[in-house]
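Remarks on the structure that follows.
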Amino acid sequence: MAFAPAHGGRSFVEGFDLHTSRKRVTFGCALKVWQPFQTPSRWYPMQISQLITELKRSLGSHAVVTAPDALATYDADASMLVACAPQVAVIPTTPEQAAAAVSLAVAAGLPIVARGAGTGIAGGAVPVRGGMVLSSARMDLIERVEPRSRRALVGAGVVNAELNTHLAPLGVQFAPDPSSQRASTMGGNLATT
């Protein structure tokens, strides 16, 4: 089923399909469930293949996800309302790698969606326009804890419960207590606050 935008311009998504499979509904971002939306390359100054090559060179091939089955991991959050696969997902281990990935995606004209553990129920980690998902899952270092000033320097991928386990011997805790604290991450907490 295809819909033209009300304003008469060209729609971003040329096909608008509703699929109900595994209690998922896909709105205009994927033509089939679990299949990435193919954005016309004329929209981007850098080809997707060139972007992927540059990402692998900058981050290492282990940090770049391109296989369609693997990209399905990044197509939804815990809300399960919308499923939209990205064209690529990156999993940096340092802020510098994250910055390099963002710079490359911007140069390619790709939308970027930051993702923690995907436990949110607000849809914030769903790449509804395709593009690149930047996962903070491997940015999981607890660098410094200052109990006296009640500050900690941690990576965006640090899991809430793991931080509290680290803090317990110091007599302090990280106060936010989401029901998903055994899986939710600091980056995700900040992104959905």
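The values are calculated or read from the model by the stated rules, or taken from the named source; none is laboratory data. Please read all numbers here as calculations on a predicted model, not as lab measurements. Backbone-built Cβ (ideal geometry, glycine too); neighbour counts: all protein chains shown. Note: accessible area is taken over every heavy atom of the protein model, side chains too, but ligands, DNA and RNA are not part of it. Shrake-Rupley method; radii C 1.70, N 1.55, O 1.52, S 1.80 Å.
Here is how the numbers come out for the structure above:
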read-out	value
Residue under evaluation Glu162, criteria (1) among the charged types (D, E, K, R); (2) within 27 Å of Arg182 (Cβ to Cβ); (3) in contact (Cβ under 8 Å) with a residue 24 or more places away in the chain, criterion not met	(3)
Selection from the stretch 121-159 of residues that are in contact with a helix residue (DSSP H, G or I) (Cβ under 6 Å, 6 or more places away or on another chain), surrounded by fewer than 23 Cβ atoms within 10 Å (Cβ to Cβ) and without any contact (Cβ under 8 Å) to a residue 60 or more places away in the chain	Ile142, Pro147, Val154
Residue within the stretch 161-184 that is open to solvent by less than 40 Å² (accessible area, probe 1.4 Å), under 20 Å from Tyr74 (Cα atoms) and either in contact with a Lys or Arg (Cβ under 7 Å, 6 or more places away or on another chain) or assigned to a strand (DSSP E or B) (or both) present	no
Which numbered condition Ala85 fails, given (1) modelled with pLDDT under 90; (2) open to solvent by less than 40 Å² (accessible area, probe 1.4 Å)	(1)
Enumerated strands (runs of 3 or more DSSP E) restricted to the stretch 50-155, each holding at least 3 residues that are over 16 Å from the mean Cα position of the chain (by Cα) and aliphatic (A, V, I, L, M)	151-154
Test set (1) open to solvent by 20 Å² or more (accessible area, probe 1.4 Å); (2) touching a residue at least 40 places away in the same chain (Cβ under 8 Å); (3) in contact with a Gly (Cβ under 9 Å, 6 or more places away or on another chain); (4) under 18 Å from Thr185 (Cβ atoms) - Gly118 fails condition number	(1)
